[in-house]
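Student: Dumping the structure here so I can ask a few things about it.
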Amino acid sequence: MRIAIQILVAMVIVHLSLPASSQSMVGTEHDPIYRQTFEKVDKDLNRVYHEVLTAIKDGDSSVNRSPDSIGAARFRDAEVAWVRYKDAQILALWPLMNNDNAKQIYGSMLPMCALITKTALERIRIAELKLWLQEVTGEISGDPCNSEIFEGISKKLILSKNREP
C-alpha cells in the first residue's frame, strides 16, 4: 500500500512538473513532449545505474557487504527484476494495452498516459539508485540494514523542488 501511494505521488509530481500548456493537451499528437521527457529520464536512469554498478565493482567490499563480483551480479539481477516490475505495472494499469484495439478500449490518451507512468516509475528508481550510490560510496553510513535507501525515497520525491519535466 505504501509503495502504491509513493507511485501515485510520483505520478502527480511528474504531471505537475510538465509545462502548464502541455498538461491540458490530449491525444497522441502531443506524445513528443512526453516522449522527450521520458527519453531524458530514461537516459538519466541508465547513467545512474552505471554509476552504482561501477561503484559496486570498484568499491570497498566492507561498504558493499559482499565481494565485488557477487554484489555487481546481484545488483544487475535487481535491475532486471525492476524493469520487469515497471513493465508489469504498466500492464496492470492497462491490461489490454498490447491489444490491437487498445486505443479504442482506453482512449487516445493511452500512449501519453503510459509515458507519464513510465517516467514516474523511472524517476522513483533514479531516487532509489542515487541513495544506493550514496550508501555504496560511503556518503551515508551507519545503517546496517540499508533502510535509508528506501525510507528516503518518499521524502526526496515529496520534498523535491525540481519542477522540470
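Student: Could you list, in sequence order, all residues of region 108-135 that are in contact (Cβ under 8 Å) with a residue 40 or more places away in the chain, surrounded by 19 or more Cβ atoms within 10 Å (Cβ to Cβ) and small (Gly, Ala, Ser)?
Tutor: Once the filter is applied, which keeps residues that are in contact (Cβ under 8 Å) with a residue 40 or more places away in the chain, surrounded by 19 or more Cβ atoms within 10 Å (Cβ to Cβ) and small (Gly, Ala, Ser), region 108-135 yields only 120.
Student: As an exercise: evaluate residue 132 against (1) of a type in the set (Phe, Trp, Tyr); (2) modelled with pLDDT of 90 or more; (3) under 20 Å from residue 45 (Cβ atoms) and give the number of the one condition it does not meet.
Tutor: (2)
Student: Next question. Return the total of residues in region 16-71 being of a type outside the set (Gly, Ala, Ser) and at pLDDT below 75.
Tutor: Summing the residues that are of a type outside the set (Gly, Ala, Ser) and at pLDDT below 75 in region 16-71 gives 16.
Student: So which of 44, 77 ends up being touching a residue at least 40 places away in the same chain (Cβ under 8 Å) and either assigned to a helix (DSSP H, G or I) or of a type outside the set (Asp, Glu) (or both)?
Tutor: 44
The values are calculated or read from the model by the stated rules, or taken from the named source; none is laboratory data. What you are looking at is a predicted structure, and each value in this text was computed from that prediction instead of being measured. A quick note on method: Cβ atoms are made from the backbone with ideal geometry, for glycine too, and the neighbour counts reach across all protein chains shown.
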